[in-house]
Each structure stands twice: as C-alpha cells, then as structure tokens.
Amino acid sequence: GENVEQHPSTLSVQEGDSAVIKCTYSDSASNYFPWYKQELGKRPQLIIDIRSNVGEKKDQRIAVTLNKTAKHFSLHITETQPEDSAVYFCAAKGSGNQFYFGTGTSLTVIP
Amino acid sequence: KAGVTQTPRYLIKTRGQQVTLSCSPISGHRSVSWYQQTPGQGLQFLFEYFSETQRNKGNFPGRFSGRQFSNSRSEMNVSTLELGDSALYLCASSLEALTDTQYFGPGTRLTVL
C-alpha cells in the first residue's frame, strides 16, 4: 500500500516569513494530493489540493507543488500570519482508492 | 447549507461493547467517508460510502463496519470494542467522489475503558 511521510513534525516561523512542509509518497499510481489544516479542537479543513496532471497550484498565500518523478509534494505558505498556526496534514489517494495521511506538522507563527 | 453533523459528540464505552456513530452529510452530498484520528496513528481512512454501498475501504478489521441510508446519512459501527479503539472518529462528505472537496464533521470522541 501507500506510505506517506511528512516533514517536519513541528515548525516555528516569524510572522511574515514563509513556511514549507514536505511530503513524500511511495505509490506511483497516487493521483490526488490534498492538504488539510486542523486548528486545535476543530475539524480538519481542506486548504488546497493538487492532481497528478498538474505540477503547481496556487491560492492566494498558499501553494502546492508536485514532483511525480521524485514522488514528493510540498505546501508553501507565504507571508504567514498568527491565524496560520495549526496542524497541517498532507494526504495521497493511492491506487487502492483510499486516503493515506502524513503524520502532521504543527506550525506555530510567532507574532 | 448546514454543515456535516455527527452524533453523539462524546461516548464512553467499556471493552467488549459495541457502538454506533452517526453522520449526516451536507445536503446534496452523496459520498460519506469515515476516518479515525489518534495521537499515535494520526488520521486513518476507514471507508467510504456512496449510494448506500461501501465503495472504498481502508485497512481496518471487520469489527469496523458501516452503512449508508437512502438520504445519504451514514452510520459506523464498531463491535467488540478494544482499548485501542479510543479515538476521534470523523466523517466527511463530498458531492460525488473522494477527490471532490471533503467537508469534515466535528467528530465523535470515543473513549473505551
């Protein structure tokens, strides 16, 4: 089955700086890669996703890049704000048509 | 539109019992997925239901089962509870497919004593 690894597990940045979270996957047939944000005590929320036929996608301060050859994808948050502080999960939809999640990155934005 | 709702929000059970959790999707959404979230294992996919049929399944034992009704509401059942089943159980709904935007419910916190 698929194996998704996520790094780093914790990340602290100064407000206004950029944050990058990286995920690798093992199943070359994986074709859909969403990113979720989960604030403390709240439900996960989709923030951006990318499909295997696209290399990059951007939505305001958030971008995701996908390298199918290297089997990794990354979340980029620019101009970070305190409200970006949360746990971020990457996921991959494998050939078995189920989701595999990374272990999460706890992002803290220091004002 | 109302969001995804889950009932109950909290449950305490003892080992060996069984439990049923309920999920009401966003109106018009036909796909409902279930997830288990624990500090140790993180988020794990349980299964997905669409049109009253289990369409996709994760790597969980047969003690975990579910069903979906004609109005797309879904229930998840766990039989013969084990201590390790203590977790936050989340459901999510989407329009048609797993690759459509998934909207999560608030979760049911299950504690097994």
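The values are calculated or read from the model by the stated rules, or taken from the named source; none is laboratory data. Everything quoted here is computed from the prediction, not taken from an experiment. No Cβ is skipped: glycine too gets one built from the backbone with ideal geometry, and neighbour counts run over all protein chains shown.
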Cβ pairs under 8 Å, 6+ apart or interchain, first in the range A:89-101 and closer than 9 Å to A:Tyr25 by Cβ and more than 7 Å from chain B (Cβ to nearest Cβ), second surrounded by fewer than 22 Cβ atoms within 10 Å (Cβ to Cβ) and of a type in the set (A, V, I, L, M), ordered by first then second residue, are A:Gly94/A:Ala29
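Which ones in the range A:16-30 are in contact (Cβ under 8 Å) with a residue 60 or more places away in the chain and surrounded by 17 or more Cβ atoms within 10 Å (Cβ to Cβ)?
Within the range A:16-30, A:Ala19, A:Ile21, A:Cys23, A:Tyr25, A:Asp27, A:Ser30 qualify.
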If you go through B:Ser65, B:Ser70, the only one that is free of Cβ contacts under 8 Å to residues at least 24 places away in the same chain and either under 13 Å from the mean Cα position of the chain (by Cα) or part of a strand (DSSP E or B) (or both) is B:Ser65
Exactly one of B:Tyr89, B:Tyr49 is surrounded by 12 or more Cβ atoms within 10 Å (Cβ to Cβ), farther than 18 Å from B:Val112 by Cα and modelled with pLDDT of 95 or more, and that one is B:Tyr49
Restricting the range A:35-44 to residues that are more than 13 Å from B:Leu43 (Cα to Cα) and either of a type in the set (Val, Ile, Thr) or touching a strand residue (DSSP E or B) at 6+ places or on another chain (Cβ under 9 Å) (or both), the one nearest to the other protein chains (Cβ to nearest Cβ) turns out to be A:Lys42
